[in-house]
Each structure stands twice: as structure tokens, then as C-alpha cells.
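Asks: Pasting a structure here, questions to come.
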Amino acid sequence: MKVTFLGTAAAEGYPALWCRCERCIVARERGSEDLRLRSSILINDDLLIDPGPDLVGSTIRLGVDVADVQAILITHLHDDHLDPTGFLWRGVGFALPPLPVAEVIGTAPTLGRLHDREGKALDPAQLRFAPRPVRHGERLTVSTGGTHDPDPRARPGRSRTTDGVPTATTTRTYEIVVMPASHARPDEEASFFVVRQTSGPESSHSHPSTVLYATDTGPFSEDAWKILDQLGHDGWTLDASIIDATLGLGGPGTSHMNLDQVVWHQGELGRRGLLSPTADRIAHHFSHNATPPHQELTAHLAQFGVIPSHDGLVTHVGA
Ligand SMILES: [Zn+2]
Ligand SMILES: [Zn+2]
């Protein structure tokens, strides 16, 4: 399972938009890994988590093609994780067909945010997506790839394949577990996810590759640990655990975590037998407020066996 970090910052970006603090100045001077867009990841080339406001910018910056995405998971309705505008660019006149239909997976309050600036709900048929509301604790299976009929919107001279010839993309199967996040208002039902790839060219190994993507969240709730323990009981092990580190070297939080809390959670996952021996322990979703620049952050976390994500980081999970 290939994981590409499209963005790794908290809501205000890092360096932050209106900020001239010491860390933002250093980030602008150093560039490269210190320049962080808002958090989002791509799994293989067909599963996207969090279509946020920087999706256009990050895919251009990294040269990443998301046209084959058929599963879009949304953690929660906060603006740095979901920008409905991005869906409009799937429509006629913006995207060159054929475009496969993408399942859009999130809790009901999250999917309730899929509307345009006038408050009109986005049209799934026109924008080639299928909303799939889910609940905390739910396990679902998503299949991607296969052969797609040419987009009925295709017009002569605009199809990227010969007119009438179906497009074939790689077939994969994912099992997804919807976790309750300690974040946002309870009625907003914020989530994080466990994603396990059970078929596809990357999963030729003895066990399916599995990733935990836990942002935004404070310390895991009892309910979240219960679900994770059940997964462990069912034979699941995590090959990568990606955990919210918004508060950096600052004090501990309840709806985000600091680096000490990230280290504790990585350790606790190990103690509960949920991490594979070679698991990538990753910190993610950084704010300029208390997070050192990338080089210093990397050195700090190395002593705990944790690595920080950065924009453009590609990790082959379970390989
Ligand atoms: Zn966030
Ligand atoms: Zn949030």
C-alpha cells in the first residue's frame, strides 16, 4: 500500500498565512520540507482521505494524478479537511472524461456539507460521486478499479480514450473502519479511519497492509480503543499509524495532541499488540504554534522511534 502525503499542516498552513513568528520565518527561508499545506493523503492512486482546500495546490505541487480516485474518505466537516468546491471541478468543462464514480464516505453531518456556495446540494450524477453515509464503529468494504463505461458526458474530441472504448484501471479492495474521533462538537461526529487493503497488486504479502489515519483527534476515547482492540482480536495489525500532532511541544490537548501524547499513543498501540514489528510510526497535522521546523522535529521524534510526515512523503506500508 502506497501512502502519499499531499499535505501535513493544521488549518492555517505552516508557515501560517498571516504569521511572522520565528518558526514561520525559518520555514519560509528553508523551504522544501518546511512548507506544509493542509492535511490530506492519497492511498495508492484510488483512495483519498480529506479533500481539503489545498487539494488543487498539493496535486499540482507534487505532480500527483487523482483522476482514478474512487473512494474519498472525509474525517470531519472542518474547513481544512473538506472543501466542497473541489468537487465542482469533477464536472463537465473542468475534467476530461471518462471519470469513474467516486464513493464519498463520511458521517451524515460531514456529508451534509457537500453543497455549493449558494447552499445547493452538490449533484452526485453530474459530479460523478456517490455519497455513502457511515456511523462510528462501522466496517465497510470498498472496491475500486475495473472497467468503466465511457462517461456519458464525453463529447467527440474530448474523450481521453477512443470514443466508445471502456477504460480499465487497477482493481483493489479496501476494508474501512470508521473510528470516533475526540474532536469537534459531538453532533458533528468527527471520525478517523483504519484502512486495510485486502486485494490489488500491492497486497501480495502474507498479510493485508493496514494503516491508521488519526487526525484530527485528541487522546483516543474508550470506544476508540475498544474498536481497535477488537481489530487486534480479529487478527488485524497496523503497518503504519499516522497520528495528530497539532500541539507540538506545547501542553497536552483534548481535541488535538502534543508530541508527548503522540509518542504515548504510538507506544500504547504497540503495548496492545496492534502494531506490526516494522510499523511506520508517524506524526502528522502540524501547526507553527509549537512545532519546530522539520529538521529539529525529526531529531526530537527520532529518540522515540517516530517520524514526522512532510508534504510529498511517500511510504510503502507493509512492504
Ligand atoms: Zn485539521
Ligand atoms: Zn478539525
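Asks: Restricting to segment 83-92, and then to whatever is over 15 Å from the mean Cα position of the chain (by Cα) and either in a loop (DSSP other than H, G, I, E, B) or of a type in the set (S, T, N, Q) (or both), can you tell me which residue is nearest to ligand 2 (Cβ to nearest atom)?
Replies: Pro84
Asks: May I ask you to say which residue of Asp80, Asp45 is in contact (Cβ under 8 Å) with a residue 24 or more places away in the chain, in contact with a strand residue (DSSP E or B) (Cβ under 6 Å, 6 or more places away or on another chain) and either within 16 Å of ligand 2 (Cβ to nearest atom) or assigned to a loop (DSSP other than H, G, I, E, B) (or both)?
Replies: The match here is Asp80.
Asks: What is the residue count in segment 15-30 for residues that are of a type outside the set (A, V, I, L, M, F, W, C), assigned to a helix (DSSP H, G or I) and farther than 24 Å from Thr215 by Cα?
Replies: Number satisfying all stated conditions: 4.
Asks: With respect to His285, is the statement that it is at pLDDT 95 or above, within 16 Å of ligand 1 (Cβ to nearest atom) and within 21 Å of the chain's Cα centre (by Cα) true?
Replies: yes
Asks: Of the residues Gly235, Gly305, Gly251, Gly273, which is closer than 19 Å to Met179 by Cβ, free of Cβ contacts under 8 Å to residues at least 40 places away in the same chain and more than 16 Å from ligand 1 (Cβ to nearest atom)?
Replies: Gly235
Asks: Another question about this same structure. Given Glu12, Glu103, Glu33, which one is part of a helix (DSSP H, G or I) and charged (D, E, K, R)?
Replies: Glu33
Asks: Okay, moving on. If you take the residues of segment 231-287 that are touching a helix residue (DSSP H, G or I) at 6+ places or on another chain (Cβ under 8 Å) and at positive phi, which of them is nearest to ligand 2 (Cβ to nearest atom)?
Replies: Here the answer is Gly248.
Asks: Same structure again: Do any residues in segment 2-21 that are of a type in the set (Phe, Trp, Tyr) and within 13 Å of ligand 1 (Cβ to nearest atom) have Cβ atoms under 7 Å from those of residues that are at pLDDT 95 or above and part of a loop (DSSP other than H, G, I, E, B), where the two are at least six apart or on different chains, and which pairs are they?
Replies: Tyr14/Ser287; Tyr14/His288
Asks: Right, next: Starting from residues that are small (Gly, Ala, Ser) and in contact with an Asp or Glu (Cβ under 7 Å, 6 or more places away or on another chain), keep the ones in segment 21-57 and report whichever is nearest to His285 (Cα to Cα).
Replies: Ser39
Asks: Could you grab the pairs with beta carbons closer than 7 Å, sequence gap of 6+ or different chains, first residue in segment 56-76 and under 18 Å from Thr144 (Cα atoms), second one in a helix (DSSP H, G or I) and more than 16 Å from ligand 1 (Cβ to nearest atom)?
Replies: That search, which allows pairs on different chains as well, returns Val66/Thr59.
Asks: If I go through segment 270-319 residue by residue, how many of them are of a type in the set (Val, Ile, Thr) and in a strand (DSSP E or B)?
Replies: Total meeting the criteria: 5.
Asks: Any residue at all in segment 72-79 that is more than 16 Å from ligand 1 (Cβ to nearest atom), at pLDDT 95 or above and within 16 Å of the chain's Cα centre (by Cα)?
Replies: Looking for residues that are more than 16 Å from ligand 1 (Cβ to nearest atom), at pLDDT 95 or above and within 16 Å of the chain's Cα centre (by Cα), one finds at least one in segment 72-79, hence yes.
Asks: I would also like to ask the following. Only one of Ala67, Ala95 is over 25 Å from Thr173 (Cβ atoms) and either more than 14 Å from ligand 2 (Cβ to nearest atom) or not in a helix (DSSP H, G or I) (or both); which?
Replies: From the options Ala67, Ala95, the qualifying one is Ala95.
Asks: Could you list all residues from segment 168-223 that are more than 16 Å from ligand 2 (Cβ to nearest atom), outside any loop (DSSP other than H, G, I, E, B) and more than 18 Å from the chain's Cα centre (by Cα)?
Replies: Once the filter is applied, which keeps residues that are more than 16 Å from ligand 2 (Cβ to nearest atom), outside any loop (DSSP other than H, G, I, E, B) and more than 18 Å from the chain's Cα centre (by Cα), segment 168-223 yields Ala168, Thr169, Thr170, Thr171, Thr198, Ser199, Glu222, Asp223.
Asks: Sticking with this one: Which residue out of Arg117, Arg113 is of a type in the set (Lys, Arg), out of contact with any strand residue (DSSP E or B) (no Cβ under 8 Å at 6 or more places or on another chain) and farther than 20 Å from Glu189 by Cα?
Replies: After ruling out the rest, the residue left standing is Arg117.
Asks: Also, quick follow-up: Out of the residues in segment 254-312 that are of a type in the set (A, V, I, L, M, F, W, C) and surrounded by fewer than 19 Cβ atoms within 10 Å (Cβ to Cβ), which is farthest from Ala214 (Cα to Cα)?
Replies: Ala299
The values are calculated or read from the model by the stated rules, or taken from the named source; none is laboratory data. Fair warning: this is a prediction, and the values are worked out from it, not measured in the lab. Positions of Cβ are backbone-derived with ideal geometry, glycine not excepted, and every protein chain shown enters the neighbour counts.
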